[in-house]
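Enquirer: Before I ask anything, here is the structure I am working with.
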Amino acid sequence: MNSTPKKILKTTLPLLLGGVLVWYSLAGMDQEKMVFHLRNANYAWIFLGLFFGVLSHLSRAYRWKFMLEPIGYTPKFTNSVLAVLIGYFVNLAIPRAGEVSRATVMVNYENIPFEKGFGTIVAERIADMIMMFLIIGITLFFQFDYILALVSENFDPIKVGFLLLGIIGTTMIFTSFVKKAKQGFLLKIKNFILSLAVGVTSILKMEKKWAFIFHTVFIWTMYVAMFWATIPAIQGLEVPIGGILVGFIAGGFSIAATNGGIGSYPLAVTGAFLLFNVPESPSEAFGWIMWSAQTLMIIVFGGLAFLILPLYNKKKITEVSI
């Protein structure tokens, strides 16, 4: 298959999947209860959640400078913010294209070579991936007894044990093949893992690594805070801390499954809340309001960023044209 059909499939399949999931979610929903929750939602809490979301975007833009300064570039903070917002906006339509658009903005308005700007974004993503795994680890640590009881109630412990042993054994065998790989798909996996290792070590060797780490932790704290702050907006919704963390993780993975989590986000969050015996109706309402609020925020701020970017850099554009 050549590159053009591949690109089309990568763009359309997540959208089609999202559309199917939207239909599936709405078809099985109690429409009257959903309307009730939407009408009686406390939107002050929703706006507080969005405020935390805005702080995370600003921090992400500021964190970027710690990656760019060591390679000799000091972009304007405003351009960094606009580039980050445009990146989120583009990702809604084309998965992973947002990173390319961020780097392209810096090429056009800050004269930062594409490969260097894109390389720093990849390193950022590695840091974000580590934070996601850290949150998963914290969740498993604090909710271990509950998760163990949940698995024991719904699955045969012996079968689960054999499954885990099978996964561990398969992983060890697969790892040994990857280490020896010299060509093909396994070599690509090997190079990807090595790139991750290089990215992590580059962060640790950074001159202002503690500032970078602080902003990384702050960004993800704001993500969780945005999720947490929106819960009181839904009447009758009470979620334990374990449910909040599991719901946040489920929502995060759903965003990777479809463009911006369309269709998948409400289903994932609802499913996570149900594990903690949270009522289904308010859980569905929360999932849809949470997804709608953050998506609308990205569309509004991302759209404005497209308009503001050339205006803010008008003087630079004029100088170049002269």
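Enquirer: Gap in Å between the Cα centre of segment 70-117 and the Cα centre of segment 212-266?
Expert: 25
Enquirer: Using every Cα-Cα pair within segment 65-149, state what percent have a distance larger than 19 Å.
Expert: Numbers: 1692 of 3570 pairs.
Value for segment 65-149: 47 percent of Cα pairs lie more than 19 Å apart.
Enquirer: As a quick test, which of the pairs 76/116; 208/314; 76/190; 116/182; 76/209 have an alpha carbon distance above 25 angstrom in this structure?
Expert: 208/314; 76/190; 116/182
Enquirer: For segment 42-321, what are the per-bin percents of Cα-Cα distances with bins 5 Å wide, up to the bin holding the maximum?
Expert: 1, 5, 10, 13, 16, 15, 13, 11, 8, 4, 2, 1, 0, 0, 0
Enquirer: While we're on this one: Ordered by packing density, taken as the mean number of other Cβ atoms within 10 Å over each peptide's residues, highest first, how do 74-82, 287-295 rank? Intermediate results must be reported in sequence, preceding the final value.
Expert: On the way: 74-82: 17.9, 287-295: 21.2.
Result, highest mean first: 287-295, 74-82.
Enquirer: Evaluate the distance, in nm, between pseudo-label points positioned 7 Å from the Cα of residue 277 and of residue 54 along their respective Cα→Cβ axes.
Expert: Label at residue 277, label at residue 54, 4.0 nm between them.
None of the figures in this text is laboratory data; all of them are computed from the coordinates on show. Please read all numbers here as calculations on a predicted model, not as lab measurements. Glycine also receives a Cβ, built like all others from the backbone with ideal geometry; neighbour counts cover every protein chain displayed.
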